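The values are calculated or read from the model by the stated rules, or taken from the named source; none is laboratory data. If you're wondering where the values come from, they're calculated on a predicted model, not measured in any experiment. Because the Cβ atoms are built from the backbone with ideal geometry, glycine has one as well, and the counts that use them run over all protein chains shown.
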Amino acid sequence: MHTDTVPTISRHDYQPYPYHLPRVSLEFDLNAAQTRVHSRLDVERVGDENQPLRLNGQDLVLESVALDGRTLSAEEYQLQDEILTIFPTSASFTLQITSLCKPAENSSLMGLYVSGDKLFTQCEAEGFRRITWFPDRPDVMSRYRVTLRADPKQYPLLLSNGNLLEEADLPDGRHEAVWEDPHPKPSYLFALVAGDFACREQAITTQGKRDALLQIYSDRGSETKTEWALDCLVRSVQWDEQRFGLELDLDRFMVVAARDFNMGAMENKGLNIFNSAYVLADKDSATDSAYRAIEAVIGHEYFHNWTGNRVTCRDWFQLSLKEGLTVFRDQEFSADMLAQDLSGAEAASARAVKRIDDVSTLRIAQFPEDAGPMAHPIRPESYQEIGNFYTATVYEKGAEVIRMQHTILGEAGFRAGIDEYFRRHDGAAVTCDDFVSAMESVYIQQNPGKDLDAFRRWYSQAGTPRVKVDLDYNAETRTCSITLGQRNEAVGIERLQSPLLPKPPLHIPFALGLLDQQGKAIPLEHDGKTAETVLLELTEEQQTWVFSNIPQKPVPSLLRNFSAPVIVDVERQEADLILLAQHDTDPFARWEAVQELATRQLLALTRSVGEEQQPEVDPRIIETWKRLLLDADLSAAYKTRILSQPTEKELLEKTSPMDPAAAVKASRHLRRQLGEALASDWLSVYRNSAGSDEQYTPDPLSSGRRSLHNLCLYYLMAAGHPEAKPLAVAQYYGATNMTDRMGGLSALVHFSNSPESQEALNHFYEQWQQDPLVIDKWFALQASAPGTTVETIKSLMLHPAFSLRNPNRARSLIFQFCMNNLQGVHTSEGYEFWADQVIALDQLNPEIAARLARAFDSWARFTATNRDAMQAGLQRIQQHPTLSRNVSEIVSKALN
Ligand code: ARG
Ligand code: ZN
């Protein structure tokens, strides 16, 4: 397929569907090679007479169509370009369609597909049309009744959405199960699962005293690894009741783990299907971060039951309505779990750990997207392939836009807004604007005469705003004025439009504190209250606020808790950053000050990379690092964040032109110097943070301790300390959990190309070859190791355990190398390899290929040699004769 032939869908072209489909009945004759689907649709016209009924279908064989029981001849319907058109003559009728699909041949993992010896579905966004002919759009909501028939030996368990009505053995030796979902839903929330599974379950009683059964299904033999997932699910149910007053509306809520899955997981009504990486964990095979990721994804999919399923999207341009909101909810769930049982500053620091991780993700994944050729507002204006818009912008920036509404309204106000949203829209398919309107109804009560008009622009403007801060202190009047100015530059395709339209200002909540020269917080009067942190609502190009009773020139603590997804431009002395690093009471801003210090140092290093002698690291940075490392008041988890230098990728983003070799070199230089200068401290903290042999739990305290322990080892290895390698070897072989084991192994593999590291890698493979999720880690570790070249990756691809068809495996080896191994991939062989893999993957799985195709979105910002080679790679992909719509959209935008 070629770009000029791919239609572009625009948000403004939305038209309501002219028919209602109150009831859908589906019968499946399940078979991996060929599955027959009989559908019966009850249809009612809503619009004018004589409107054709258009149904979507893809890769289906149409067997028959009947209208009100009469089979139509081929002249009575139209079948063209994946659309089946019927010409009904009455206002209400039934349509019966029989068609075939081929699950075993479906390597796209959209629609009905085979994974191992089981059958799964993935319908969001447009996979249902690969199962049966249907108006496959989110604003068509129906009640589903589903009959599944299959061979009981191969498929003993038959699951679909809702409640199990009956099970029976059939005369032909097959068995069947009938499911009915009482909640009307769009087709993207349909699911079925068939196969042999183990189940772990728990009965619960909801807040409203309803009984419900929670179930986790997984491959037989892996039921020992689903305890944590079930525990997370129980806590998710309780959390949504307590924090949002939202109760489970089903008798039965099922989660099923699949080995082959394109994304993280899917919130199908009552039957969530998960990538097994976000379900399975035990202490021997999963790291602490895997445990936290499972908690986040279980929470996320469960929370969709209200934000996504009860209230869904009118069209796919509204995707962030459910995704931004649900990511915000899962972030808050995770933060609340970390802060459980804590209060005051300790709770704040525990929550900050989550905030730091989320902001780092935003900066690594979303900021570059917002500055590159795929830049789009959180509510995109157009697309060619919706599968390409499950992006960091829609998800992560979308969550920031929800978080800003929470920050502006406060917890109680936000809750009132959510209540109003459900009061207005429960059971409907709505828009992002409907959400903001519900929130605005609360905002107007709080701020008579104001509105959220400027805030709404967050939904229509792409790009990361820059906020410039100027501070002016007047010693005579003891006043300090703070001026904020915002700049919203043209990004992505906007830059091709001429004349460049000025972009209007956004509503930016900017949290600010002031410290005195001793590092003490200065109380600030604002809005009739006195507080250490004030929220400035910037709604114009530039505004000034004046604070009085400021005894001396203050040091500002800016954008506390990252109150808006913006870049702050400010001139700051090193000394101010050092003061903030020691004293800022906002744990996020404190971390930020340390990051800024390190970033400045790193940028200075990148500039001197060509020089003979690399400059020494500023002793004040080393001093700051040392103080933080030895600070007894900081939690280990927080310390790990504050003592980690920005990643190579973050640094690369800040070089101009982007220079991967310089970024890699500077990063390594800084970490070696920090390792050497503080070697004895790393060593003593390493020894003091050693785990005891008591029972492993993934709780925040002990996992924080393990993360600090591993960080110390990392710096010791970076320094080439004589004790480091023996410690890593001992930690690897002596570990009693995967976090410690991976810590030891990655220290070995990342820092020493030695016989010990090869031995440990071999040992690891021998030990874990039966566990695919662990072998993913084995591939990923090697893919990201410093000495790894294209040759290494190619020989790993020949390993019997490698397969391009399994998305987790492809991600762990190929994506890991292409996206995270800056040293290995930014070579001419690296770019060539990448282009080859995009093309190869595209023949199997367009959605996954299109993600890999985005690895060099920002090619135009690189140094000339890199830039030309990346461009050549993109052009080679674009010229390939059989590109999917997915990849074609990505490369044509990149080359624009
Ligand atoms: N709604 C899912 C989630 O975020 C993501 C599914 C996306 N699927 C896809 N094939 N793009 O929870
Ligand atoms: Zn989601």
Exercise for review: Go through (1) away from ligand 1 (no atom under 15 Å from the Cβ); (2) in a helix (DSSP H, G or I) one by one and return the number of the condition T326 breaks.
Suggested key: (1)
Practice item. Working only within the stretch 274-308, note down all residues that are closer than 21 Å to R143 by Cβ and within 10 Å of ligand 1 (Cβ to nearest atom). Key: H304, G308
Revision key, fill the gap. Pairs returned, first residue in the stretch 466-490 that is closer than 13 Å to T539 by Cα, second residue that is of a type in the set (D, E) and in a loop (DSSP other than H, G, I, E, B), beta-carbon separation under 7 angstrom, 6 or more apart or interchain, are G485/E541; Q486/E541
Check your understanding: If you scan the stretch 474-487, which residues turn out to be surrounded by 20 or more Cβ atoms within 10 Å (Cβ to Cβ), under 20 Å from V401 (Cβ atoms) and not aliphatic (A, V, I, L, M)?
Key -> Q486
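For the stretch 627-654: of the residues being outside any helix (DSSP H, G or I) and crowded, with 17+ Cβ neighbours inside 10 Å, which is nearest to the chain's Cα centre (by Cα)?
That would be P646.
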Practice item. Scan Q58, Q15 and give me the residue that is modelled with pLDDT of 95 or more, crowded, with 17+ Cβ neighbours inside 10 Å and in a loop (DSSP other than H, G, I, E, B). Key: Q58
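Within the stretch 313-321, identify whether any single residue is in a strand (DSSP E or B) and within 16 Å of ligand 2 (Cβ to nearest atom), and answer yes or no.
Within the stretch 313-321 (the criterion being in a strand (DSSP E or B) and within 16 Å of ligand 2 (Cβ to nearest atom)), the answer is yes, since at least one residue qualifies.
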Exercise for review: Output yes when any residue across the stretch 205-224 is surrounded by fewer than 22 Cβ atoms within 10 Å (Cβ to Cβ), assigned to a helix (DSSP H, G or I) and away from ligand 2 (no atom under 16 Å from the Cβ), and no when none is.
Suggested key: yes
Review point. Is at least one residue of the stretch 376-388 hydrophobic (A, V, I, L, M, F, W, C), in contact with a Phe, Trp or Tyr (Cβ under 8 Å, 6 or more places away or on another chain) and touching a residue at least 12 places away in the same chain (Cβ under 8 Å)?
Key: yes
Review point. Which ones in the stretch 289-304 are within 11 Å of ligand 2 (Cβ to nearest atom) and either polar (S, T, N, Q) or over 14 Å from D240 (Cα atoms) (or both)?
Key: V297
Check your understanding: Tell me, which residue of the stretch 390-430 that is within 18 Å of the chain's Cα centre (by Cα) and in a loop (DSSP other than H, G, I, E, B) is nearest to ligand 2 (Cβ to nearest atom)?
Key -> Y390
Practice item. With respect to V279, determine if the residue is crowded, with 24+ Cβ neighbours inside 10 Å, more than 15 Å from ligand 2 (Cβ to nearest atom) and β-branched (V, I, T). Key: yes
Check your understanding: Can you name every residue in the stretch 118-149 that is closer than 22 Å to R174 by Cα, among the aliphatic types (A, V, I, L, M) and within 16 Å of ligand 1 (Cβ to nearest atom)?
Key -> I131
Exercise for review: Please go through the stretch 172-204 and pick out each residue that is among the charged types (D, E, K, R) and not in a loop (DSSP other than H, G, I, E, B).
Suggested key: E176, E180, D181, K185, R200, E201
Study note, to complete from the structure: The condition of being in contact (Cβ under 8 Å) with a residue 24 or more places away in the chain, closer than 26 Å to L158 by Cα, within 11 Å of ligand 2 (Cβ to nearest atom) and polar (S, T, N, Q) holds, among N268, N272, only for N272
**Study point:** Complete set of residues in the stretch 438-468 that are over 26 Å from A392 (Cβ atoms), surrounded by 18 or more Cβ atoms within 10 Å (Cβ to Cβ) and not charged (D, E, K, R)
**Key:** V442, Y443
Check your understanding: Could you say whether any residue in the stretch 446-454 is touching a residue at least 12 places away in the same chain (Cβ under 8 Å) and in a strand (DSSP E or B)?
Key -> no
Review point. Here are some residues: P373, P368. Which one is more than 16 Å from ligand 1 (Cβ to nearest atom), outside any helix (DSSP H, G or I) and over 30 Å from D633 (Cβ atoms)?
Key: P373
Check your understanding: Can you find a residue in the stretch 18-34 that is in contact with a Leu (Cβ under 7 Å, 6 or more places away or on another chain) and among the β-branched types (V, I, T)?
Key -> yes
Exercise for review: Could you look through the stretch 174-219, keep only residues that are more than 25 Å from the chain's Cα centre (by Cα) and among the β-branched types (V, I, T), and pick out the one that is farthest from R243 (Cα to Cα)?
Suggested key: V178
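Tally time: how many residues in the stretch 509-528 are more than 29 Å from the chain's Cα centre (by Cα) and either under 27 Å from S460 (Cβ atoms) or surrounded by fewer than 19 Cβ atoms within 10 Å (Cβ to Cβ) (or both)?
The number of residues fulfilling the criteria is 12.
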Exercise for review: Go over the candidates L506, L501 one by one and state the one that is out of contact with any Ser or Thr (no Cβ under 6 Å at 6 or more places or on another chain), buried (at least 17 other Cβ atoms within 10 Å of the Cβ) and in a loop (DSSP other than H, G, I, E, B).
Suggested key: L506
Exercise for review: Kindly indicate whether E381 is touching a helix residue (DSSP H, G or I) at 6+ places or on another chain (Cβ under 7 Å), closer than 20 Å to I9 by Cβ, more than 16 Å from ligand 1 (Cβ to nearest atom) and at pLDDT 95 or above.
Suggested key: yes
